[in-house]
Amino acid sequence: MKNFTYSRPDAVGAATEAAAADGATIIAGGTTMVDLMKIGVLEPDALVDISGLSDLEGFEVGSDRMRFGALAKMSTVADDQAVIDAFPALSESLWKAASPQLRNVATLGGNILQRTRCPYFRDTAFAQCNKRAPGSGCAALDGGHTNLHAIFGGSSSCVAMYPGDFAQALVAFDAEVSTRGPGGTRTIPFAELHVAPGDDPSVETVLEPGEIVTGITLPVIPAMANSTYLKARDRESYAFASASAAVGLEMDGDTVRDVRIGLGGVAATPHRARAAEESLRGQALTEETAREAGRIAFEDAEPLDGSAYKIALGADVVAGALLQAKSRMGGE
Amino acid sequence: MAQTINTEVTRTDARRKVTGTASYAADMIPAGMLHGAMACSAIAVGSVTSIDTSAAEAEPGVVAVYTHETLPDYKTVKGFYAGGPGSSSFWPMEGTEIRYAGQPLAYVVAESAAAARRGADLVSVEYSESGAAIHMDPEESFVVGAGEDSEGMILTKGDLQAGLDGASQTVDMTFTTPFQHHNPMEMFAATAEWRGDRLTVWMPSQSVRTLRAGIAGAYGLPETSVRVISPFVGGAFGSKAGITPYAMLTIAASKAVGAPVRLIVTRPQMYTVATFRPETQQRFRLGADAEGRLTAFEHVETAQTPRFDDVVNPGTHITRAMYACPNIRTEQRLSRSDTNTGGFMRAPNEMQTFFGLESAMDALALKVGMDPVEFRRANDTMTHPTADVPFSSRSLMESYDAVAQGFGWSERGREIGSMTDGDWLVGYGCATATYPTNILASNARVRMQATGSAYVELAAHDVGTGTYTIMAQVAAARLGLPVEAVDVVMGEGDLPVAPISGGSTTAASAGSAVHDGCMKIARQVAEVVSSMAEGPLAGVDPSRVTLDDGTLRGPDGQSQSLAEALQMVPEGEVEVVGTFRHPALTPELIHATFAGGYGTAGPVTPEMAMFAFGAEMAEVRIHRYTHEIRVPRLHGAFAAGTWLNRKTSHSQLMGGMVWGMGSALHEVTETDTPRARFLNANIAEYLIPVNADVREVRVEMLEERDDYVNPLGVKGIGELGIVGTAAAIGNAIHHATGKRLTALPFRISDMVSA
């Protein structure tokens, strides 16, 4: 690990200023950052530790909005009864991520900015990785192992997958992130926070140098109460999604009034399946329409050899999540 | 005295281990110790054209950077598969040649571990790269030392083709198993300290004798000049058996820098600097008559091997012991690719071969129309099918019957896909487990004091299995002492010779040496008390005195406790060296073990075949929407002679079954084919079962008596539990879904219909 300086500002303004310096990086829970520094993927000159900004730890679930501080811990939010009651998919997406040890220290702000698990990004022995070393190429596309790679949103430069779970609940339910940077504060629709790899996959978000995510806000909508997060993974805990779906339903009798579908384990950035949602609005939700929605959700997928299985899997996961959300309504 | 064998005894070191006070090799910090780190190759095959160490040398705290050009007095040893003690025949840093990805190229010594690792990061290497293939090509394979004899790589009995032609049903199936890495929790580590020509090495090891003899030989030192210390081992599973380059590099660097050096290998480097389970292909052609009796049995195993070693772990020698059949053919093949040398990983001959065999048997049972358990019963045998000697004991069907009852096998739906529970498809599967009883020579020094204490010393190892405890139990039982009164010292190369902790041999072989030591103590004490004027045994023929768990018994019912009799001995104590030399051990085998090697006899001797057996049953569930495969129940029943300690035995078997589940569902070292490199070299992405995956694992331990294997009647159990688990799970998947999966591990991606 390269030597670095370390500071722990006690105000957001000071943190923003320190983090804007060349070579500086923000660290919060550190569960991704320390890992990547140890294996030489990230080599910051300066770490700006924002974990002392206790103002950013709180969260509240109101009747028309819910707001989460960026430094709220994954486990704290996942376990909160108000969150569980109001938006089960959000709680479940946190619960089904990582391990208890990681959830106890990882923050929500850090979680949404987690880096890809692409093995070529994470092993510096591979000369080719446009995300790690812009312009060097892509080992995955150059005959590599692609079981873990994106079937949506990749480019000819990069097919790394966004690995998160929580983000799929956010993207499907119109979340916004608030930030503070050297230029002041702003609000960014969550769906616009991450950018597709395009020609320069080293740029992963629209955040400017020094810009700190301070919070996440969601409008409360009826589909949240009947929501679920279904995650397919090769072991029961502590595994990234082979495919997952954050789904919420609002029904009008037997007819779908509103439906939300976010897809994990399949895309380069947090991914909302809008066409699949559209196919269900105004329809009855049956095994058949659920499966059709799943099929539509993956219509435009562009798999590589290793990731082709995700199309059939993802479609089944969407169908299963929709039916699970529907079955939950019976208990209300 | 309470019976201390065949009972549940808590590990004597349990409290020290869970409170962190047990000292492992890397916990020893000699004064003035420096830290080592390795820089490893980014390419798989080629050569080093230049190494720039200037940036590393300039890093604060870095003391020295060594390369193939600058490391003086670096010694190597012959590889295991060439008859030596080394982990590989190819030694890095002897020249510019690069033969596998992750090969050590430079060694940094620094004042802190952080500085050493940073220094290693800063070593800059220029390469000349050649093409490389990480996977074997089974079409390009060969037979090592081919010969048509029972010990050779090809064996034939009867007429295979006639057996196939005459069969009512046949299967011809090919299975594959992937590269796997041991991933012990305790990292590989070595600390070396030179004082003149005397060297001390602290290193987690499965064979301190191999290390001591090998290192002494390499440096031309008498063995007495080399101390090897390995008090506890935090998991080994075959990965800490041989002498590795990282050890010899640390020894050389310590000598060069003139200070003790400790190296702790990083987790990613653990995938390339030692051994692994090679990938394999298993082809089975089986035939059975209408009654379900095998008429033909062919097994061809092709295993990956590097360019520079022939890694023969002959699985066909085990599969052919399994079922009665008049026409048998087995063939052991290798196929080369560009990796380091593979080796032993828990059940190195059995795990992958029994996945194939027991899956093929399941498929054939289905074709014949028999229940899979009854199909095994129809082919059970008390005679080794190719060696034509009886099994010393074999409780295969007793194991099946016991496990079937507890598991509820009779409730298994007859039809494929006939069992469901909500969104889950349910299936039951079974498979056979076996493991050979390997025999090695062993000594043990045993001392008993009249004050009621005993000491046992031997160069055995506790690789996490509970060896300290069971050695104490054997002595306690024989000498009539409580377990706490027996002090066991192990894990040092200058102690009395004991076997390598491999092949599930320690309990049986080293335990038998401890047993013999106790018997010798009794004989010496009997000689003293029988020659005395008074006492219960006065005047008795000492050769007719027996030891009955702490009591000396004369031929006519006289008796005296051993502890009481010891009071009569002038020294107040007796010290002996117990030995174990099974009749099957030839002088050559005994010599090999005493020279630091692996002189194993068995499992087949001219008189008997020695194996432990078991049966495993799995309930598997596959989710209709997520296609996840889960194993809510895994049951096993095993018979392996005497259970020394029912608690640690249970743990061994259960741990093996859990690992077997990992082999079935999780474990695979992923590869990058174009660049011939392992990909998931960390335990976030190299999946192993987590607690949530391990639901009900039930182990039943059957009673079995075997007087042939050794005086204790013990068969090794360290590896038995893993054998068969993957097939039981695969067979259950087939029962649930009709899908016959032939490649480990079974993943969601295999279950999704295309």
Original post:
Each residue of segment B:590-607 in turn: what ³J(HN,Hα) in whole Hz from Karplus with 6.51, -1.76, 1.60 and θ = phi - 60°, glycine and Pro shown as x?
Top reply: 4, 4, 4, 5, 6, 8, x, x, 10, x, 8, 9, x, x, 9, 10, x, 9
Subject >> For a label point 7 Å along the Cα-to-beta-carbon line of B:HIS591, residues of segment B:438-452 with backbone N under 20 Å >> reply: B:439-443
Original post:
Which shape class applies to segment B:238-342: rounded if a/c is under 1.5, otherwise prolate when a/b exceeds b/c and oblate if not, where a ≥ b ≥ c are the square roots of the Cα gyration tensor eigenvalues?
Top reply: prolate
Original post:
What list of ³J(HN,Hα) values in whole Hz, one per residue of segment B:280-286 in order, does the Karplus curve 6.51 cos²θ - 1.76 cosθ + 1.60 (θ = phi - 60°) give from phi, with Gly and Pro shown as x?
Top reply: 9, 10, 10, 10, 10, 10, 10
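What is the sum of charges around B:GLY713, taking Lys and Arg as +1, Asp and Glu as -1, for the other residues whose C-beta is under 10 Å from the C-beta of B:GLY713?
Once all neighbours under 10 Å are counted, the net charge is -1.
Give the residue list of trypsin sites (Lys or Arg not before Pro) in segment A:212-301 that are DSSP loop and have at most 12 other beta-carbon atoms within 10 angstrom.
On the way: sites: A:LYS231, A:ARG233, A:ARG235, A:ARG257, A:ARG260, A:ARG272, A:ARG274, A:ARG281, A:ARG291, A:ARG295; in loops: A:ARG233, A:ARG235, A:ARG281.
In loop regions of segment A:212-301 (DSSP not H, G, I, E or B), the sparsely surrounded trypsin sites (Lys or Arg not before Pro) are A:ARG281.
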**OP:** Find how many whole Å separate the alpha carbon centroid of segment B:510-546 from the alpha carbon centroid of segment B:240-295.
**Re:** 46 Å
Original post:
Using the alpha-carbon centroid of each, what span in Å lies between segment B:563-601 and segment A:89-139?
Top reply: 56 Å
Original post:
Under a 5 Å amide H to amide H cut-off, with H placed in plane at 1.01 Å, what residues pair with B:GLU700 once short-range neighbours are removed?
Top reply: B:GLY636, B:ALA637, B:PHE638
Subject >> Heavy-atom accessible area per residue - segment A:222-329, 1.4 Å, Å² >> reply: 35 Å²
**OP:** Let me have the 222 nm mean residue ellipticity of the protein assembly as shown computed from DSSP H runs of 4+ only, each contributing -39500 (n - 2.57), with the sum over all residues rounded to the nearest 500.
**Re:** -7000 deg cm²/dmol
Original post:
Taking H as built 1.01 Å from N, whose amide H comes closer than 5 Å to the amide H of B:ASP487, not counting residues under 5 places away?
Top reply: B:ALA454, B:TYR455, B:VAL456
Subject >> Cα-based reach from B:LYS255 at 18 Å (exclusive), listing aspartates and glutamates while leaving out same-chain residues under 8 positions away >> reply: B:GLU69, B:ASP73, B:GLU94, B:GLU111, B:GLU193, B:ASP197, B:GLU223
**OP:** List the residues whose amide H sits under 5 Å from the amide H of B:THR551, counting only those 5 or more places along or on another chain, with H placed 1.01 Å from N in the peptide plane.
**Re:** B:LEU562
Original post:
How about segment A:108-156: which of its residues lose at least 40 Å² of accessible area in the presence of all protein chains relative to their chain isolated, using a 1.4 Å probe?
Top reply: A:ARG117, A:ALA125, A:PHE126, A:HIS145
**OP:** Report the trypsin sites (Lys or Arg not before Pro) located in segment B:406-490 that are in a DSSP loop and have at most 16 other Cβ atoms inside 10 Å of their Cβ, or state none.
**Re:** B:ARG414
Subject >> Separation of the A:THR255 and A:ASP79 label points, Cα + 7 Å toward Cβ, nm >> reply: 4.4 nm
**OP:** Take the Cα radius of gyration of the protein assembly as shown and divide it by 2.2 N^0.38 Å, with N its residue count; two decimals is plenty.
**Re:** 1.01
Original post:
For segment A:236-313, what is the convex hull volume of the alpha-carbon atoms per residue, in Å³?
Top reply: 108 Å³
Original post:
With r defined as the distance between the Cβ atoms of A:ALA11 and B:MET185 and R0 fixed at 45 Å, what FRET efficiency is calculated, to the nearest 0.05?
Top reply: 0.60
Subject >> Within chain B: Cβ-based charge dipole about Cα centre, in debye rounded to nearest 20 (Lys, Arg +1; Asp, Glu -1) >> reply: 720 debye
**OP:** Could you state how much accessible area is buried at the B-A interface, both sides summed, with a 1.4 Å probe, in Å² to the nearest 100?
**Re:** 3000 Å²
Subject >> Rg followed by Dmax, in Å, when segment B:440-594 is reduced to its Cα trace >> reply: 16.0, 50
**OP:** Set the Förster distance to 60 Å, then compute FRET efficiency between B:VAL389 and A:ALA127 from the Cβ-Cβ distance, nearest 0.05.
**Re:** 0.55
Subject >> Neighbourhood charge, 10 Å Cβ-Cβ cut-off, centred on A:SER91 and excluding it, Lys, Arg +1 and Asp, Glu -1 >> reply: -3
**OP:** Would you work out if chain A is rounded, prolate or oblate? Take a ≥ b ≥ c from the square roots of the eigenvalues of the alpha-carbon gyration tensor; rounded if a/c is under 1.5, else prolate when a/b is larger than b/c, oblate otherwise.
**Re:** oblate
Original post:
When ligands, DNA and RNA are left out and all protein chains stay put, how many square angstrom of accessible area per residue does segment B:440-594 have with a 1.4 Å probe?
Top reply: 36 Å²
**OP:** Heavy atoms only, probe 1.4 Å: what % of the accessible area of segment B:375-510 goes to carbon and sulfur, would you let me know?
**Re:** 44 percent
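Work through the residues other than B:ALA14 whose Cβ is under 12 Å from its Cβ and net out their charges, Lys, Arg +1 and Asp, Glu -1.
Summing Lys and Arg as +1 and Asp and Glu as -1 gives +3.
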**OP:** Between the chain alone and the structure with every protein chain in place, find the residues of segment A:306-324 that drop at least 40 Å² of accessible area; heavy atoms, 1.4 Å probe.
**Re:** A:TYR309, A:LEU313, A:ASP316
Original post:
Round to a whole number: what % of the accessible area of chain A belongs to carbon and sulfur, probe 1.4 Å?
Top reply: 48 percent
Subject >> R0 of 60 Å, Cβ-Cβ distance B:GLU571-B:GLU139: FRET efficiency to nearest 0.05 >> reply: 0.30
Subject >> GluC sites (Glu not before Pro) restricted to segment B:648-754 and DSSP loop, no more than 13 other C-beta within 10 Å >> reply: B:GLU703
Subject >> Quotient of C-alpha Rg and 2.2 N^0.38 Å, computed over chain B >> reply: 0.99
Subject >> Gaussian network model of chain A, springs between alpha carbon atoms under 10 Å - residue of A:GLN168, A:GLN81, A:GLN128 with greatest fluctuation >> reply: A:GLN81
**OP:** Please work out the C-alpha center-to-center distance from segment B:626-697 to segment B:417-461 and express it in whole Å.
**Re:** 16 Å
Subject >> q = 0.13 Å⁻¹: log10 I(q)/I(0) that the Debye formula gives for segment B:329-410, counting C-alpha atoms only >> reply: -0.63
Subject >> 3J(HN,Hα) from dihedral phi, segment B:425-433, Karplus parametrisation 6.51/-1.76/1.60, rounded to Hz, x for glycine, proline >> reply: 7, 10, x, 10, x, 9, 7, 8, 10
Original post:
Using 0.36 nm per residue, how much length does the chain from B:ILE683 to B:GLU564 gain when fully extended, once their Cα-Cα distance is taken away?
Top reply: 37.3 nm
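The values are calculated or read from the model by the stated rules, or taken from the named source; none is laboratory data. Quick caveat: nothing in here was measured; it's all calculated off a predicted structure. Quick reminder, even Gly has a Cβ in these numbers, built from the backbone with ideal geometry, and neighbours come from all protein chains shown. Areas reflect the complete protein model, heavy atoms only, side chains present, ligands, DNA and RNA absent. Shrake-Rupley method; radii C 1.70, N 1.55, O 1.52, S 1.80 Å.
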